[in-house]
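One structure below.
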Amino acid sequence: MELPARRDQLEQLNHRMRAVLVEAARKLWEIGQICLTVDADRLHDLGDFADVYAWAHAEHSISRPTVAKAMEVATHFNAEMAARWGTEKLVSTVRYLRATKRIEAAGDATSLRFRVWRDGKYKAIPFVDAGYRDIDDARKLVLRSAAKPPTPSDDETARRIREVGAALPPAPPGFGRVERVRVQKASDGRSVFSFHAIPEDDLPALIAGLVALVASRAPAE
């Protein structure tokens, strides 16, 4: 077969594949609608199934991840959106909205812009141009930004616990230069201690240091 003919064949197959994927996305949306009904009305109880996932697997050989994906898409989008954008992209969008606390705006997904790190800088990619991997990266960035580290404790307890850590022998081989004893402030104001890389034979020194710390903070009789 000549090269032009091979290219025509590939283009025809690409066209067929796009059509199949559109139909597959629409069908997955329909599966989601069916599963939502079975779940909402607890129809799976009639077959003594624990939940909709067990029913779908036993009766139709559909895996739990596929059912979950179908139900998510059917919950937040219509069949035409599923067919146009594909289920992977829409599922990623739902998860992104959940991370940003904007799940109620799922129907307005086409107006979203996703902030991602590309080519050494941050870029805002509009929904129409974003792939599901772009959306997943944007969600991870949101989650990292929301994960604020605990506020360090700078009170007397923090100073004393650092002294306990400084009195310990160096960390065992393979752990490098690590902070052996760490103190942070919990949201309720209490000091929280964490210990790292403490070999068994260093435990007596650690316990002795903690006992001394507690004794020094006990109120005088």
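The values are calculated or read from the model by the stated rules, or taken from the named source; none is laboratory data. Every value quoted in this text rests on a predicted model; they were computed, and no experiment measured them. Here the Cβ is made from the backbone with ideal geometry for all residues, glycine too, and neighbour counts use every protein chain on show.
Can you find, within the range 153-177, the residue that is modelled with the lowest pLDDT among those that are surrounded by 11 or more Cβ atoms within 10 Å (Cβ to Cβ) and over 19 Å from Ala212 (Cβ atoms)?
By that ranking, first place goes to Phe175.
Scan the range 92-99 and give yes if some residue there is of a type in the set (Val, Ile, Thr) and out of contact with any Gly (no Cβ under 8 Å at 6 or more places or on another chain), otherwise no.
If we filter the range 92-99 for residues that are of a type in the set (Val, Ile, Thr), which is where we start, we get 93-94.
Within this subset, residues satisfying the condition of being out of contact with any Gly (no Cβ under 8 Å at 6 or more places or on another chain) are 93-94.
Yes; the residues of the range 92-99 include at least one that is of a type in the set (Val, Ile, Thr) and out of contact with any Gly (no Cβ under 8 Å at 6 or more places or on another chain).
Has the range 36-43 got at least one residue that is crowded, with 16+ Cβ neighbours inside 10 Å, more than 26 Å from the chain's Cα centre (by Cα) and not β-branched (Val, Ile, Thr)?
no
Give, as residue ranges, the helices (runs of 4 or more DSSP H) completely inside the range 1-107 that count at least 2 residues that are closer than 29 Å to Ala147 by Cβ.
Hits in the range 1-107: 64-76, 87-99.
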